[in-house]
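Enquirer: Once you've had a glance at the structure underneath, I'll fire off some questions.
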Amino acid sequence: KGEIKTPIAFVHYRYVQEAREPVVYVYEIQIDPAFQGRGIGRALMTTVEEICKEQGLDGICLTVFTDNEAALRFYQRLGFQQACDAPKDQTWKIMCKTMKAS
């Protein structure tokens, strides 16, 4: 009691229109380095997928820095692909995953 608890992870997302399609856009996901590799990121992204499906949205999009190879591999394993209409900027890319509402 009275103890301050520090969060170990969070995900920040919003509902947006991306290329005229309603999607969930993940603006940020952070996991404390001491807790990485334990499935927390996957659990957070699975929760976002469930929210997307429940809301009947078309997919999930996010932005990732191109030099963050671990994040790129993580998102690719989850089924994200680089968006074809993403800017050709060399420092970041937009990745998306199409969802089928159930």
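Enquirer: Just how far, in whole angstrom, is region 59-86 from region 2-34 if you go by their alpha carbon centroids?
Expert: 15 Å
Enquirer: Tell me the per residue accessible area of the chain using a 1.4 Å probe; a whole number in Å² is fine.
Expert: Accessible surface, normalised per residue, equals 70 Å².
Enquirer: Something else now. What dipole magnitude, in Debye to the nearest 20, does the chain give about its Cα centre under +1 on Lys/Arg Cβ and -1 on Asp/Glu Cβ? Each step should come with its number before you reach the end.
Expert: Values: 13 positive and 13 negative charges, 50 e Å.
It works out to roughly 240 debye.
Enquirer: Within region 3-102, how many lysine pairs that are 8 or more places apart, or on different chains, have C-alpha atoms less than 28 Å apart?
Expert: Taking the Cα cut-off of 28 Å, the pair count is 5.
Enquirer: Next question, about the same structure. Just want the answer: with Cβ charges of +1 for Lys and Arg and -1 for Asp and Glu, which residue in Val48, Ile60, Tyr27 is farthest toward the dipole's positive end in the chain?
Expert: Val48
Enquirer: Give me the percent of DSSP beta bridges within the chain that run antiparallel, rounded to the nearest 5.
Expert: That works out to approximately 85 percent antiparallel.
Enquirer: I want the local charge near Val48. Using Cβ-Cβ distances under 13 Å, sum +1 for each Lys or Arg and -1 for each Asp or Glu among the other residues.
Expert: On the way: positive: Arg14, Arg42, Lys53, Lys97; negative: Glu28, Glu49, Glu50, Glu54.
For residues surrounding Val48, the net value is 0.
Enquirer: Another question, if that's okay. Grab the eigenvalues of the alpha-carbon gyration tensor for region 23-79, scale each by 5, take roots, and send me the semi-axes largest first in whole angstrom.
Expert: After scaling each eigenvalue by five and taking roots: 20, 14, 9 Å.
Enquirer: When the Kirkwood radius is taken over all Cα pairs of the chain, what Stokes-Einstein diffusion coefficient follows at 20 °C and 1.002 mPa s, in µm²/s?
Expert: Diffusion coefficient, whole number: 148 µm²/s.
Enquirer: What's the extension gain from Gln76 to Glu21 if we count 0.36 nm per residue and subtract their Cα-Cα distance?
Expert: 17.7 nm
The values are calculated or read from the model by the stated rules, or taken from the named source; none is laboratory data. Just so it is clear, the structure is predicted and the values come from calculations on it, not from any experiment. Quick reminder, even Gly has a Cβ in these numbers, built from the backbone with ideal geometry, and neighbours come from all protein chains shown. Ligands, DNA and RNA are excluded from the accessible area calculation, which covers all protein heavy atoms including side chains. Shrake-Rupley method; radii C 1.70, N 1.55, O 1.52, S 1.80 Å.
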